[in-house]
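Inspection log for the structure reproduced underneath, given as structure tokens.
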Amino acid sequence: MNSRADDCGCAVSAASAKRAVAEEPEVDEIFKALASSQRRELLRIIAASTSVDGACCAADVCACKLAEALDLAPSTISHHMGVLVSAGLVSSEKRGLWVYYRLERETLAKAANGLISL
């Protein structure tokens, strides 16, 4: 039988629980990326820069601005941004010497919807 009744009378379907977890590995990667306070701050800076004058480009933020804002080494910024890009939370584009980042709001919405649907 695929469900188990506990003493409380609840039934848990192991098959459906395993299927739901197996279908959302990208959501796990998103939450792992969001587990770092420095990465969350980088996301806040990018999100705020999309609507503030003085950003490197209309909706893009240069890695140099991120390093200045957090007073971190460029290698540290690069590491954190690599995790965020891998999780799909930001996209990147290299232009000359610098990399520019853009927030991927759809990915953030997907993560939020995943939490809401629990």
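The charge dipole of segment 25-116, taken about its Cα centre with unit charges on the Cβ atoms of Lys, Arg (+1), Asp and Glu (-1) only, comes to about 0 debye. If R0 is 30 Å, the Cβ-Cβ spacing of Asp28 and Ser92 corresponds to a FRET efficiency of close to 0.90. Taking other residues whose beta carbon is less than 15 angstrom from the beta carbon of Cys64, and scoring Lys, Arg as +1 and Asp, Glu as -1, yields -1. Packing-based ranking of 74-81, 85-92 yields 85-92, 74-81, ordered from highest to lowest mean Cβ neighbour count within 10 Å.
Readers should treat all values here as calculations from the given coordinates under stated rules, not as data from a laboratory. Since the model is a prediction, treat every value here as computed from it, not as a measurement. Please note: Cβ atoms are built from the backbone with ideal geometry, for glycine as well, and neighbour counts cover all protein chains shown.
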